[in-house]
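This report refers to the structure that appears directly beneath it.
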Amino acid sequence: MHRLFLVPMLLALGVILTTSGPLSAQTIVNKGFDGLKDGPGKITEVPGHGSVLEITNADATTAVHRSLTLPVDQIRGAPILVNCDISADNISAKPEVWNGIKLMAHVEFPGGESWNQATLPIGTFDWQHTFVRFDIPDNATTVTLMLGVEKVTGTARFSNLSVTLVPKFVQAPPAPADQPIFTGHDVPRLRGAMVHPEITEQDLANFADNWNGNLIRRQLFRMDPATPETDFVAYDKWLDEILAKTDLVLGWAAQHHVKVVLDLHSPPGGKFPSTGSLFSDPKAEEHFVEIWKKMATRYKGNQTIWGFDLVNEPNDDQTAPGCMNWQDLAFAAGKAVREIDPDRTLIIEPPKNGGDTGWQFFNPIPLPRVVYSFHMYDPLRFTHQHVFNPKESSVTYPGIIDGKLWNRDALLQAMQPSIDFAKRYRVQMYVGEFSAIRWAPGADKYLADVTGIFEEQGWDWSYHAYREWQGWNLEIGTDESNSQPSPQPTARFQVIEKWLKQNQKPAD
């Protein structure tokens, strides 16, 4: 979803690689912007900043950028740290969170691609130092660094660009072949859905009794753009309020024999849908551990809760010096929970926003009673069509999407990192979110294929979402302009219903 039109330029920006051995901690050093004299924008000399690349975009429907192709053979399988000074004038509001000033790496690999980027402000601001880590997978075929302005108006300036090769991630050894797989429940499978934050008792009863769902994923998310991320007093007030509502939901769930995942969508220092400053503010990380202690104390011994999903879709690419990355922060929070409630199941998603590719840079944390989780929305161009861009053309599943044939085999390939992680470490996998927008042609076939794969792998799962936003609602038909419930069961509902009807109710 972070697409820009690519103009690959081999070693553009005059960047060279200096090494003293394979994957050593060396730097891809900036030598100026001589390699991009003919690209968009202009290059000037600014006292105190040297060569400065200045890019202006006057059309908020387009993107203007320059690109450099990094030497993939030398950085494959290792993190790179990109540092850059950036200033801006009059950057307009972002239509989507991933738009705006771009400092981004586009990585292509067999079966997919990723678009990871720094989170940058809007408006006018003086020079500020920005850094972001990009983890390059072992199977990367191309890596393109992109600087520019996307779907906003205004001017961005870039200077002092450097790219440092960080020591390669070391994968933990596999688990013993006879290690039991911990699931945290006593039924063959937990199958359910994400639910609306304001779910009613009637809706929950319908989901449990009529749909036969045995799991709900409850979002704890905060939408309060006026409150600073560093206002932890306001954060605690919000948390107290939403936990009071959660207590009611837990009571209803217990009555209907449904397990609950407590999913922290909005950690301290962040707001839905972003982890915000969680990985750049040590105080936010400290508060993060404290609020999980608080919830562990509040819900100690509550058997209705299947597990604590520590953070929804974590992204630690911009981990600041003095802060823990997700690997270490997840362990710190999990250990704190364990000290209060030794029996509580922990649910942990990988970095890279909870997607499959994050497993390549994450090891199991050294604690028992952990279930691992990822979210499945590949290909996003299909599952989210018209969500971010109502004017884009429709694409069909199965079929050619962005030049690639997407079918069941392609979905299986996309989920291979999760399959490999689960098998290597003998852990239970939980698909916390998956979906296809209801008007996507072939959405029912897509849901049938992904759930079929989940079932083959023995994974627990929760559909996104039950009676939340109308676009995902299984009870509404395929007409994008009609958000009224269908008089007949939709084909998408029937796919999910087939599996839910096989559910067994967990013990109290």
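Got a sec? Which helices (runs of 4 or more DSSP H) wholly within region 396-501 have at least 3 residues that are open to solvent by less than 50 Å² (accessible area, probe 1.4 Å) and closer than 17 Å to residue 207 by Cβ? Full working, then the answer.
Numbers: elements: 408-414, 416-425, 443-457, 491-500.
Ranges flagged: 491-500.
Mind telling me which of the residues 470, 504 ends up being within 28 Å of the chain's Cα centre (by Cα) and on the phi < 0 side of the Ramachandran plot?
On the way: 504 fails: within 28 Å of the chain's Cα centre (by Cα).
After ruling out the rest, the residue left standing is 470.
Of all residues in region 248-287, which are hydroxyl-bearing (Ser, Thr, Tyr) and in contact (Cβ under 8 Å) with a residue 60 or more places away in the chain?
Scanning region 248-287 gives a single hit, 274.
Consider only pairs whose beta carbons are under 6 Å apart and that are at least six residues apart or on different chains; among these, list those whose first residue lies in region 59-81 and is farther than 15 Å from residue 108 by Cα and in a strand (DSSP E or B) and whose second residue is open to solvent by less than 30 Å² (accessible area, probe 1.4 Å) and polar (S, T, N, Q).
Final answer for the pair search is 64/57.
Right, residue 96: open to solvent by 30 Å² or more (accessible area, probe 1.4 Å), in a strand (DSSP E or B) and farther than 26 Å from residue 323 by Cβ or not?
Working: open to solvent by 30 Å² or more (accessible area, probe 1.4 Å): yes; in a strand (DSSP E or B): no; farther than 26 Å from residue 323 by Cβ: yes.
No.
Would you pick out the residues in region 115-131 that are in contact (Cβ under 8 Å) with a residue 40 or more places away in the chain and open to solvent by less than 20 Å² (accessible area, probe 1.4 Å)?
The answer is 118, 130.
If I go through region 150-181 residue by residue, how many of them are within 23 Å of the chain's Cα centre (by Cα) and part of a strand (DSSP E or B)?
1
Given the structure, is residue 193 surrounded by fewer than 20 Cβ atoms within 10 Å (Cβ to Cβ) and either under 25 Å from residue 420 (Cα atoms) or not hydroxyl-bearing (Ser, Thr, Tyr) (or both)?
Considered against the rule, which asks whether it is surrounded by fewer than 20 Cβ atoms within 10 Å (Cβ to Cβ) and either under 25 Å from residue 420 (Cα atoms) or not hydroxyl-bearing (Ser, Thr, Tyr) (or both), residue 193 comes out as no.
The values are calculated or read from the model by the stated rules, or taken from the named source; none is laboratory data. None of these values were measured; they are calculated from a predicted model. Note that each Cβ is placed from the backbone with ideal geometry, even for glycine, and that neighbours are counted across all protein chains shown. The area values use the complete protein model at the heavy-atom level, side chains included, leaving out ligands, DNA and RNA. Shrake-Rupley method; radii C 1.70, N 1.55, O 1.52, S 1.80 Å.
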